[in-house]
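The next block holds one structure in the form of structure tokens; read it before the comments.
The values are calculated or read from the model by the stated rules, or taken from the named source; none is laboratory data. Computed from a predicted structure; not experimentally measured. Reconstructed Cβ throughout: ideal geometry from the backbone, glycine too, with neighbour counts over all protein chains shown. Calculation scope for accessible area: heavy atoms of the full protein, side chains included, ligands and nucleic acids excluded. Shrake-Rupley method; radii C 1.70, N 1.55, O 1.52, S 1.80 Å.
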Amino acid sequence: LARLGGAEQRRAQDFARAHGVAGGQCNSLRAWIDANAAKFRRPVLGPVALEVKVESEAARATIEACVGVWIWRSFVCQSKHDYDLLYKVCTDKKWRGVNLHTCEQPKGMQQRPYQGAVLQRLKAAGAQGYLDEFIEAPAPVLDILYGHHQVGGILIGDEKFERIFGTAAEKDLRTPRGYLCFSCAADRSVDGGYVVSRFHATVSKYGQRDTTVATSRAHGPTGKLPAAAARVDDEETRLKQAEANAEKDLANAEKAFADATKASTAADRVLQDEQRKTDDTAKDLNAYNRCKVAVEITKDKMDRSEARAAKLEGDLEKESATQRRRVAQALTKVTAALQAYADADAAVHAATAAIAPAMALREFAHDGLKTADEALKEKEEAAHELQRIANEAMQAFDRLKNETRELKETAEAAAPSDDAELTKKLDELPDTVAEVEAVLEGERKEARAIHEDAGLAPKIAELTRRKATLEQKVGGMDAETEQHARDIDRLKAPWERTLRDALAELRDKFSDYMGALGARGTVQLVEAPTFAKWGLAIMVAFRDASDLQQLAAHVQSGGERSVSTIMFLMALQAHLPSPFRVVDEINQGMDEINERIVFKRIVLNSTGPDAPQYWLITPKLLQGLYDMEHPDVRALVVYNGAYNVKRPADWDLSGFLDKKRRAVAAG
């Protein structure tokens, strides 16, 4: 900005404030161009907002409503060498808010829609002229405005001009392609503001009878195009103005001196207040410089953080796969160890079950003997109750006899006495108490031998220890996974900020492209619990009375969806580098006006020295597509060439078949 004068420098600062980050990038690129002027073959113009000057605030508000915001942040190169050099600089420095154009030979305004008597009647009705007549800019910059926004064919007027719409006088505006006009009136609610009305008519391609008029209003100027600095036409006038200003300043100074003499105390207080303000301003300036340095440092840190995040994400994926594989192997080993432990435990239970009947029989015998001893003692101590006990014994005997009879019947049913195998097993059982004791003692020895296995307890302890170790490792892996998740959350903020900056640029372009169609559009970020489910929602509205709605098959027509989709893809191209792109029949279902605008947008976004190859497949195109004349556009027609049939009458399918049959028959 050092090359600019004070007024122009303030204008550049206003531009940077109005366009945010992108405006700052444009000013930085302008400074780089000035510092490296020797590297360029021809002058580089830009940013466009600082190259364009308008006659009045009303014209400034009108052109802001007509021209897309992105065009103000553009630079115009006058050679391919300069374009390639700037493109590399913007790519290396990641200045995504800057747009580049090439204009080696300006074509100027080709044809105006209104001339002669028609134009005179329109001016009498309030039209002031064509929009480019109020613009002062270098020829290459005007050529870009002609190509992208047709400023040479847009008629503008005052509040009186707005009254002809909807009346018979409107017929002078109608052309076979419709019309686009603006009117500008003072905004009574805002001092120095204006209300800009847009009138856009489109003609149906079906008979060219029905005309649709869309209107919209905007308040301006918004500041996207900074106000032009006041200019002094010649040195003499400048000196006179300086002399008048100096005399005025001298008179004011003398009056201020007299007032200061009369009220020195008040002046001292004012001086002290001003000194404090100056100190505060100096502090603010120092704080701003520190913040500026901090921003640069933060930007470098953000770039490094993005790189680390990408590396951490890859390392996390690899580490997670490795840990999952190790956990699976460890769980397999634990499962095998637990199965071995279960088999050993089952063997112990089986051995215990084998000796349990013998031990139960022994306990039963001991209990019976103890009961008999107690009964004998009771009989000796209580002889006088002998009769009662005998009676009770008889009753018990009867019950036991009945129970014995029932048990015998049950035993006969379960093990018949004539069963030779069971009789043989019964004979094998011991007959005396001594033999039973001997069997019990043998079983006890075998049980002790089982329980005294010296190798089983260490094996179980080892398996338990290994199980605890594996559980500890799994817990450590869970903690490491949680740490990685916290690292990702910490790195999410700069990534999301970059995403939202790119989305803001995409939203501006898509809104401008849809505005060229007389519609409205924006792009919204759809957030979800996981990054994999994040997405974009395309919101459009094709009528002024309707709200923005998400693009869907049950809401918009096929033509509306087609034009919205291609405009979104055009806006998205700058963020998705690709060697080539293919679209199939995207123009089907569009009316003629929209199809011409869409084709022009495709050519503008898909041509140039660094543009990728673009294939547009369609069964038909409109006649008179002047953008087909671009040197980078080539039409390939299927079944059309030097070796095809020249006359339709020569195409004789039956004759071709007969000739082929004769050739086959002849061998």
*Two-decimal Rg/Rh of segment 18-126 from alpha-carbon positions, Kirkwood Rh?*
1.09
*Among DSSP beta bridges lying fully in segment 507-661, give the percent that are antiparallel, nearest 5.*
65 percent
*Work out, step by step, the length gained on full extension between residue 17 and residue 584: first 0.36 nm times the residue separation, then minus their alpha carbon distance; give nm to one decimal.*
199.9 nm
*Under the Karplus relation 6.51 cos²θ - 1.76 cosθ + 1.60, θ = phi - 60°, what is the ordered set of whole-Hz ³J(HN,Hα) values for segment 144-160, x standing for Gly and Pro?*
5, 5, 4, x, 8, 10, 6, 5, x, x, 9, 9, 10, x, 9, 4, 5
*To the nearest 0.05, what FRET efficiency results for residue 291 and residue 177 with a Förster distance of 35 Å applied to their C-beta separation?*
0.10
*Counting only residues 5 or more places away or on other chains, whose amide H sits under 5 Å from the amide H of residue 128 once H atoms are built in the peptide plane?*
156, 157, 158
*asked:* Run the simple label-point estimate for residue 120 and residue 530 please: 7 Å along Cα→C-beta, distance reported in nm.
replied: 7.4 nm
*Centroid-to-centroid separation of segment 165-181 and segment 556-612 [C-alpha atoms, Å]*: 28 Å
*Can you figure out the FRET efficiency of residue 40 with residue 158, using R₀ = 45 Å and their beta-carbon distance, to the nearest 0.05?*
0.60
_Accessible-area ranking of 70, 651, 32, largest first, probe 1.4 Å_ = 651, 32, 70
*asked:* Take residue 94 and residue 31, extend 7 Å from each Cα along the Cα→Cβ direction, and tell me the distance between the two endpoints in nm.
replied: 1.9 nm
*Under 13 Å from a point 7 Å along the Cα-to-Cβ line of residue 497: which residues of segment 8-24 have their amide N that close?*
21
*Stretchable slack from residue 635 to residue 471, in nm (0.36 nm times residue separation minus alpha-carbon distance)*: 52.2 nm
_Just to be sure I follow: if Rg is taken over the C-alpha atoms of segment 62-128 and Rh is the Kirkwood radius over the same atoms, what is Rg/Rh?_
1.20
*asked:* Under 8 Å for C-alpha pairs, at least 6 residues apart: give me the relative contact order for segment 510-667, rounded to a whole percent.
replied: 15 percent
*Using 0.36 nm per residue of separation minus the Cα-Cα distance, give me the extension gain between residue 552 and residue 299 in nm, one decimal.*
87.2 nm
_Highest mean first, how do 565-577, 73-85, 608-620 rank when packing is the count of other Cβ atoms within 10 Å averaged over residues?_
73-85, 565-577, 608-620
*For residue 476, net neighbour charge (Lys/Arg +1, Asp/Glu -1) across residues whose Cβ lies under 13 Å away*: -3
*What relative contact order, as a whole-number percentage, does segment 1-70 give when Cα pairs under 8 Å and 6 or more residues apart are counted?*
23 percent
*Report the calculated FRET efficiency for residue 317 and residue 279 (r = Cβ-Cβ distance, R0 = 60 Å), to the nearest 0.05.*
0.60
